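The values are calculated or read from the model by the stated rules, or taken from the named source; none is laboratory data. The model shown is predicted, which means the values in this text are computed figures rather than measured ones. Cβ placement follows ideal geometry from the backbone for every residue including glycine, while neighbour counts extend to all protein chains displayed.
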Amino acid sequence: MNARTALRAAGVLVIVLALFMMLDLTWIRAHLGGADSQLRLAYAYGTGNGVEIDQEKAAHWYRRAAEQGDPRGQIALATRLDDGNGVTVDPSAATSWYEKAAATGSPVAQLEMALRFHTGRGAPRDDIRSAMWLILADQYVGSRPDGVELFETLKASLGEEELAEARRLAADWRAAHPDAARPVAADPSAQAAAKTP
């Protein structure tokens, strides 16, 4: 074996050992309750990154992070509950987890709540509630085609009184969830007029 081959082998060995050590530390931190480590471990099991793919273990670790209030874990678990990936399909439970993530101010979860109330998947069909969640997710809506489509649909189908009710519900929600409030533009009325259905 020449020096170059020996050096490559040593480099590969160092990388493999580092991955094992990282996974071991992640595993330990995940068991001790670290949400970031739980999410990394869930991702590893879900993708086979350093471990054998195991969707049930991935769902388990996403649930652990979700139960600690981590919105990334809540959204990941909700997605799995919708798709049945490592868990039994349960749209109502998915909605509950999306709502918990939405309460942290996650616009991803807020848009998902708007879509759920519009379609009736895991929640009662209610376009006023859908518009409320869409208003709350306003900064994110334009970046997703399904958000833009829902915005246009609700804008065309709801009357002024219904839109006013949705705005009132959104304002009430923001007042009840001050930690989830996001900063608004210098002219809130202009922003609301531009983005509110």
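Got at least one residue in the stretch 84-100 being assigned to a helix (DSSP H, G or I), of a type outside the set (Lys, Arg), within 29 Å of Asp54 (Cα to Cα) and in contact with a Phe, Trp or Tyr (Cβ under 6 Å, 6 or more places away or on another chain)? Show your work before the answer.
Of the stretch 84-100, the ones assigned to a helix (DSSP H, G or I) are 91-100.
Within this subset, residues satisfying the condition of being of a type outside the set (Lys, Arg) are 91-99.
Going one step further and asking which of them are within 29 Å of Asp54 (Cα to Cα), we end up with 91-99.
So of that shortlist, the ones also in contact with a Phe, Trp or Tyr (Cβ under 6 Å, 6 or more places away or on another chain) come out as none.
The answer is no, given that none of the residues of the stretch 84-100 is assigned to a helix (DSSP H, G or I), of a type outside the set (Lys, Arg), within 29 Å of Asp54 (Cα to Cα) and in contact with a Phe, Trp or Tyr (Cβ under 6 Å, 6 or more places away or on another chain).
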> Among the residues of the stretch 100-127, which ones are among the acidic types (Asp, Glu) and either within 20 Å of Val148 (Cβ to Cβ) or touching a residue at least 60 places away in the same chain (Cβ under 8 Å) (or both)?
Replying inline: Glu112, Asp127
> Does Gln110 meet the test of being over 18 Å from Ala170 (Cα atoms), buried (at least 24 other Cβ atoms within 10 Å of the Cβ) and not basic (Lys, Arg)?
Replying inline: no
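On the given criteria, is Trp27 surrounded by 19 or more Cβ atoms within 10 Å (Cβ to Cβ) and either at pLDDT 85 or above or assigned to a helix (DSSP H, G or I) (or both)?
No: the conditions fail for Trp27.
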